[in-house]
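Report on the structure given below.
All of the numbers you see were taken from the coordinates with simple rules; none came from a lab. Just so we're clear, the structure is a prediction, and the values are computed from it rather than from any experiment. Reconstructed Cβ throughout: ideal geometry from the backbone, glycine too, with neighbour counts over all protein chains shown.
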Amino acid sequence: MTRTGPAKPSSTLRRNAAPILDESLPVLDPAPLAVLADDAGDTAAQRFLAEYLDLLPSRVSKVIGSLTSSDVGASRDAVVSLMATSAMAGAVRMEHYCRQLEDRLADRRLPDAAAVLVEMSKTSRLILREGGRVHSETAEPGRAAAAEDLASAAAPAAMP
């Protein structure tokens, strides 16, 4: 059998509305970090949470940047990475939102980047605030203030 033209992609890219954030879910669940502390020790769990909080704004930026450029593969990679680390950190609301985004991207439905930015920024600020409190209770003083600074960095200046 011979081809008469270029192969058609099995699925074309479709624009789609962003998922709705489920605000009934908890922002943070301490259970995953407790499991990590049991498995790897308190210091490792505290370090993981600190790194998660530090990297959250850049991970959200990576998701938004790839959605803005309509790069489905990069978007999916960024979303899956954020989803996995959020699950390990107990960031239930962010994990759930990322799972919905990943489902859309798997079906080649590209969500609106501006809508995703609004929801992820709102959730990031809550995670940074609550995560900063949790971490400051078990680590060095002043961590909550640093989390507030990171929350400001997670929200771009020109937010719709």
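With both labels modelled 7 Å from their Cα along Cα-to-Cβ, the ARG109 to LYS122 distance reads 2.0 nm. Amide H contacts of ASN16: LEU110, ASP112, each under 5 Å away and 5 or more positions distant or on a separate chain (H built 1.01 Å from N in the peptide plane; Pro and chain starts excluded). For the range 40-56, 3J(HN,Hα) computed residue by residue from phi via the Karplus equation (6.51, -1.76, 1.60; θ = phi - 60°) reads 10, x, 4, 4, 5, 5, 5, 5, 4, 4, 4, 5, 4, 5, 5, 8, 4 Hz, glycine and proline entered as x.
With K and R counted +1 and D and E -1, the other residues having a Cβ less than 11 Å from that of GLU23 yield a net charge of 0. Residue by residue, the range 75-87 carries 3J(HN,Hα) couplings of 4, 5, 4, 5, 5, 5, 4, 5, 5, 5, 5, 5, 4 Hz when phi is fed to the Karplus relation 6.51 cos²θ - 1.76 cosθ + 1.60 (θ = phi - 60°); x denotes Gly or Pro.
Each residue of the range 117-133 was assigned a 3J(HN,Hα) from its phi angle through the Karplus expression (A = 6.51, B = -1.76, C = 1.60, θ = phi - 60°), giving 4, 4, 5, 5, 5, 4, 5, 4, 4, 5, 4, 5, 5, 5, x, x, 5 Hz with x at Gly and Pro. FRET efficiency for ASP29 and ASP71, Cβ-Cβ distance as r, R0 = 45 Å, nearest 0.05? For R0 = 45 Å, the calculated efficiency reads 0.90. Remark: spin-label model distance ARG133-ARG99 equals 2.5 nm, labels positioned 7 Å along the Cα→Cβ axis.
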